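In what follows, a structure is listed as structure tokens, so that the remarks can point back to it.
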Ligand SMILES: Nc1ncnc2c1ncn2[C@@H]1O[C@H](COP(=O)(O)OP(=O)(O)O)[C@@H](O)[C@H]1O
Ligand SMILES: [Mg+2]
């Protein structure tokens, strides 16, 4: 269960303050596949970074299963990001000189899982995101965009998070591959009862989600009509 | 994939840059190690110099110096008294005798006055069948003419037959043909081991050292020029008073004067001279030059300051040590500077790497890495570079440290050479004056001192000791860890939001 209550994020620039997120409230039941739509620069990434504890909100609360992460100290935030959140980025953000499998093993290493278990689980996850075995030991920077995004989804799943935050996961992919990635996220969401929040400006992909929100001028509103 | 394995991999992500960094580090570390080696070599040399040179004291009966000729002789009992004084590492007693040639029946002259003053009672203590190998020369004859009371037999002037000084000797002697026959007495020293009165080893070129130290011993060591003059070889016989001595070895003391001498077992010398348990000079070896002054006064009070004179050798060693000390501090500064440079290189390169990987650090934080594990990863990465630089640097150091030490010591020994030279020259002059043979020191002292200095360099061993190596590598690893720690702390400042920058 994710609850967002009146969250504000302001940035101070040279002479004025901008508020890309200005009083956002919504909540998602566990296992919901949701999308946030909005124009470029509308504050979608900013909102996602607040939900994933990459940045601190200026005001407001983010509650994950009743725990207010806005009030957590830094050390607890590290554990929160490691155990409860999975990130998927537009630029994939894999570690380029590590293999696909090693990238998936990283969050498990930070969680203190023994090496043998990490290796087995990483292979399982890569199979689950349909990366063929012969790619498992290939360096991340030698994989195609779609393959890299699959690896990055497997990495996001590594520690069984409650919430996966995906910032334009299909933004760098062609339509066909993007559709496959969204399909993958959707099936994972329902199989593992993971809440998945996808930021996109692709209406067609957004149509495959359970709930859709629009972010504009710092405010969020749910899109109810189809 | 452990943090360490990841760090090693990261260290080689940019192979060209890492290679260049390793080479630069290797040069700095190699220089640091060479400086450390030089520092330790010089420190070792100073320690051994302090324990081996300039740390001997000479004990003589009071008043014997300056030709006063007074005082009570030292005895073998004084030897044990001296050896129980603190910081005394060894005591060596000798008895000096002057033997005249039996056939010339030279009179026993009184102890010469003035500048010819001798160290001990210089009265002739016996006769020998040996003929002196040293021509009296002008000065010897003049001294003898002044002080001798008898003026009987005519000199055969140029008795001096051969020898380097013959020309001047012959000229003067010729003009003073009425002078009495004078042959330079032969110095006999009673020793109780294999070292001479100055506690330096006797350099035996032929035969064997003395090994029968009984009062009845007939063994003797003969100086090379004296042996040549008298056609003696190992096993030859000659007499002292009425005892037939056998040459057990030939020695070379370096100068013609010093080689016109013999060494006898101490007790045999005491018996032959009828001076039982008497010694003329005692050489005391102090454990370190630092304790020489304290031991000097301790010895004087133990033996009775009115009875004995305790004198230290010339202070030339202090100046040598002083200049070596400056080499030591220069090399220490060089070590610190080179280690500092290595640390700075690591620091700068790691700061660069951290800036370059800001986004990646953000990724690691976004997927749950703690600041600590990221910091450790970067420290390891820096250490990989340093370890490789150290290995290559150690190889460079082992190749270059010899020449670095050589250069450091030789440039710094320039001034020392002069100081040591004057000391050495002074010593030589003092010894010749004390012998009563007059003659000024040859103006070749500078060259001799230079040879001494280069000998000093030669004895500084510069092989890489493992302790030095471990110490050096540890010091560098410490600096590297510090140089890597600052960038690692910088990684803690990178916020996870960096991951979204540029998207
Ligand atoms: N660190 C920051 N400092 C100042 N302005 C920022 C910062 N991060 C984002 N912004 C601004 O906030 C607005 C929203 O950015 P972002 O959340 O990235 O939009 P989106 O992801 O919807 O394209 C933009 O105008 C951007 O310039
Ligand atoms: Mg964005």
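Computed values, structure above
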| item | result |
| --- | --- |
| DSSP-defined antiparallel bridges as percent of all bridges, the range B:207-320, nearest 5 | 60 percent |
| FRET E, pair residue B:337, residue B:12, Förster distance 22 Å, beta-carbon r, rounded to 0.05 | 0.15 |
| FRET efficiency for residue B:234 and residue B:23, using Cβ-Cβ distance with R0 set to 51 Å, rounded to 0.05 | 0.25 |
| Rel. contact order, % - alpha carbon contacts under 8 angstrom, at least six apart, the range A:20-69 | 29 percent |
| Descending principal axes extents, the range B:222-262, alpha-carbon based, whole Å | 29, 18, 15 |
| Principal axes of the range B:237-391: Cα extent on each, largest first, Å | 106, 41, 26 |
| Exercise: per-residue mean of other protein chain Cβ atoms within 10 Å, A:83-95 | 4 |
| Per-residue average of Cβ from other chains inside 10 Å of B:5-13 | 2 |
| Spacing of the two label points (7 Å from each Cα toward its C-beta) at residue B:481 and residue A:124, in nm | 4.0 nm |
| Descending principal axes extents, the range A:71-226, alpha-carbon based, whole Å | 49, 41, 27 |
| Of A:161, A:96, A:73, the one that fluctuates the most in a GNM where chain A has Cα springs shorter than 10 Å | A:73 |
| FRET efficiency, residue B:241 to residue B:301 (Cβ-Cβ, R0 41 Å, nearest 0.05) | 0.60 |
| Protection proxy ranking of A:170-178, B:183-191, B:273-281 - average other beta-carbon atoms within 10 Å, highest first | B:183-191, B:273-281, A:170-178 |
| Stretchable slack from residue A:76 to residue A:223, in nm (0.36 nm times residue separation minus alpha-carbon distance) | 49.5 nm |
| Shielding score for B:357-367, defined as the mean number of other chain Cβ atoms within 10 Å | 6 |
| Residue among A:24, A:198, A:151 with the largest mean-square fluctuation in a Gaussian network model of chain A, springs linking Cα atoms under 10 Å | A:24 |
| Considering only chain A, percent of DSSP beta bridges that pair antiparallel, nearest 5 | 55 percent |
| Mean separation of Cα contacts under 8 Å, 6 or more apart, over the residue count of chain A: relative contact order % | 30 percent |
| Potential lengthening between residue B:89 and residue B:102 on full extension [0.36 nm per residue; Cα-Cα distance subtracted] | 0.6 nm |
| Average Cα contact separation per residue, the range B:219-347, under 8 Å, 6 or more apart, as relative contact order % | 18 percent |
| Nitroxide proxy distance, nm - points 7 Å out along Cα→Cβ at residue B:194 and residue B:5 | 6.3 nm |
| Fluctuation leader among A:13, A:200, A:132 - chain A, Gaussian network, Cα springs under 10 angstrom | A:13 |
| Gained length - residue A:144 relative to residue A:183, 0.36 nm times residue gap less alpha-carbon distance | 12.2 nm |
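We did not get these values from a lab; they are worked out from the coordinates using the rules stated. All values derive from a computational prediction rather than experimental measurement. In this analysis, Cβ positions are derived from the backbone assuming ideal geometry, glycine residues included, and neighbour counts consider all displayed protein chains.
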